[in-house]
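Here's the structure we're looking at; comments come further down.
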Amino acid sequence: MSIFITAEIGINHNGDLQLAKKLIDAACVAGCDAVKFQKRTVDKVYTKEYLDGPRKSPWGETQRAQKEGLEFGKKEYDEIDKYCKEKGIEWFASAWDIDSQIFLKQYNLKYNKVASAMLTKDELLEEIASEGKYTFIATGMSDYEEIDHAIDIFEKHKCPYELMHCNSTYPMPMEDANLKLIKVLSDKYNCKVGYSGHEAGTLVSTLAVAAGATSIERHITLDRTMYGSDQKASIEPYELCKLVKDIRMAEVIMGSGEKVLSEAEAEVKKKLRG
C-alpha cells in the first residue's frame, strides 16, 4: 500500500486565504495525498490571562490578537473545502478543542488527526473517536501509558487509527529522530505507524519510509523566513517535491521482501555459473 503523504499547512497560512491556496497548490504539484490545517477556539484553548499577555505580531500587541489572527472561520474553510475538491486533494485538520472538532464535522472529511499536544485530552479524544473516521494519532511528548490510554478510547469506539511517531521539538535535531521506534510501536500496538517530522530537510522523513513508516506528515511553507512559530520547522515547495519523489522511489527500492530471481539476474546467472 502506498505511503500516505500529508502536507501540514497548519497555521503557516498566517491567516491569509490566498497564502493557504498557494500552499495547497504546492502540495498538489508535489503529489501529496492530503493537506492538513489546525483549528482552535481561542477562548477554549487558552486562558484569559494568557490571551491578555503581551505578544507583538502582525495583528497587534497581545497573545489574543496573534492567536485570532491565525484562525480561519467558516467563510475561509468553506473556500478551502471547495478549493481542495477542485484540486482533487483531501484536506483535514487537527482540532485543539471539542467545539473545533464539531465545527469540522460539517465538511464530512475523510480523516481526523490527534495532535501530540492533545493526546491526553480525553473528552476531545472521545469526540474524535465517536466519529469513527480513520484517525492519525501523533505520539510526540508521550509515554507508553499515555499512548495506551488514548488507544483504549479509539478501540472502545471501534474507530480505525494509525499512530504517528513524532518528536515535538521545532525544529528537531536529526539525531533525535529515533526512527527505530517506528517498528517498536508497530509491534507493540499491532497497527500502522507513520512519521510526523519537524526536522530540517528531507533525509529523516525519507529514511522513515525505510524504517517502516506507513504515512509521512511534514509542515510546509512558501518561505521559512516568514513570520510564524512553525515556519523554521517546515520545508519549502522544492523540498516537498523532492521528498515526495524520494518517498515514491523508496517504496520501489524497498520491494516486496520476497526472494525472487529477476529475468535480468537469471541471465547473469547463466553466464557466471554456467
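The values are calculated or read from the model by the stated rules, or taken from the named source; none is laboratory data. Computed from a predicted structure; not experimentally measured. Note: ideal-geometry Cβ built from the backbone for every residue, glycine included; neighbour counts use all protein chains shown. Surface areas here come from the heavy atoms of the whole protein model, side chains and all, with no ligands, DNA or RNA. Shrake-Rupley method; radii C 1.70, N 1.55, O 1.52, S 1.80 Å.
Below is a table of values for the structure above.
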| quantity | calculated |
| --- | --- |
| Charge dipole (debye, nearest 20) of the stretch 1-51; +1 at Cβ of Lys and Arg, -1 at Cβ of Asp and Glu | 140 |
| Under the Karplus curve 6.51 cos²θ - 1.76 cosθ + 1.60, θ = phi - 60°, whole-Hz ³J(HN,Hα) for the stretch 214-229, x wherever Gly or Pro sits | 9, 8, 10, 10, 9, 5, 10, 8, 7, 7, 5, 8, 5, 4, x, 6 |
| With Cα atoms, 0 to 90° folded angle of helix 263-273 axis to the chain main axis | 40 |
| Contact order normalised by residue count of the chain, Cα under 8 Å, 6+ apart, percent | 18 |
| GNM result for the chain, Cα springs below 10 Å: residue of 246, 176, 25 fluctuating most strongly | 176 |
| For the stretch 93-105, Karplus couplings with θ = phi - 60° (6.51, -1.76, 1.60), whole Hz, Gly/Pro x | 8, 8, 8, 9, 6, 5, 4, 5, 5, 5, 4, 5, 4 |
| Gain in span if fully extended, residue 1 to residue 48, counting 0.36 nm per residue against the direct Cα distance | 12.3 nm |
| Estimated FRET transfer efficiency when R0 is 51 angstrom, pair residue 268-residue 174 (beta carbons, to 0.05) | 0.85 |
| Largest-first ordering by accessible area, 1.4 Å probe, given options 50, 170 | 170, 50 |
| Long-range amide H partners of residue 62 with built H, under 5 Å | 55 |
| Length-normalised contact order of the stretch 68-124 in % [C-alpha pairs under 8 Å, at least 6 apart] | 32 |
| Dipole axis of the chain (+1 Lys, Arg; -1 Asp, Glu on Cβ), positive-most option in 243, 255, 193 | 255 |
| Integer Hz, Karplus 6.51/-1.76/1.60 couplings in order for the stretch 84-90, x for Gly and Pro | 5, 5, 5, 7, x, 10, 6 |
| Size of charge dipole - the chain - debye, nearest 20, with Cβ of Lys, Arg +1 and Asp, Glu -1, no other charges | 840 |
| Among 70, 45, 98 the positive-end extreme of the charge dipole of the stretch 1-101 (Cβ point charges) | 70 |
| Antiparallel DSSP beta bridges within the chain, as percent of all bridges there, nearest 5 | 5 |
| In degrees, nearest ten, helix 144-156 long axis to first principal axis of the chain (Cα) | 90 |
| Separation in nanometres of the label points that stand 7 Å from Cα toward Cβ, at residue 155 and residue 260 | 3.6 |
| Debye, to nearest 20: dipole size of the stretch 165-274, +1 on Lys, Arg Cβ, -1 on Asp, Glu Cβ | 500 |
| Solvent-accessible area per residue, Å², over the chain with all protein chains present [probe radius 1.4 Å] | 50 |
| Over the stretch 167-242, relative contact order from alpha-carbon pairs under 8 Å, at least 6 apart, % | 30 |
| Spatial separation of Cα centroids for the stretch 123-189 and the stretch 7-50, in angstrom | 21 |
| Sum of -39500 (n - 2.57) over DSSP H runs of 4+, divided by residues of the chain (222 nm, nearest 500) | -12500 deg cm²/dmol |
| Heavy-atom accessible surface of the stretch 1-94: percent carbon and sulfur, 1.4 Å | 50 |
| Carbon + sulfur, % of accessible area of the stretch 142-259 - ligands and nucleic acids excluded, 1.4 Å | 57 |
| Of 158/232; 22/85; 133/192; 44/180; 21/183, those spanning more than 26 Å from alpha-carbon to alpha-carbon | 158/232; 44/180; 21/183 |
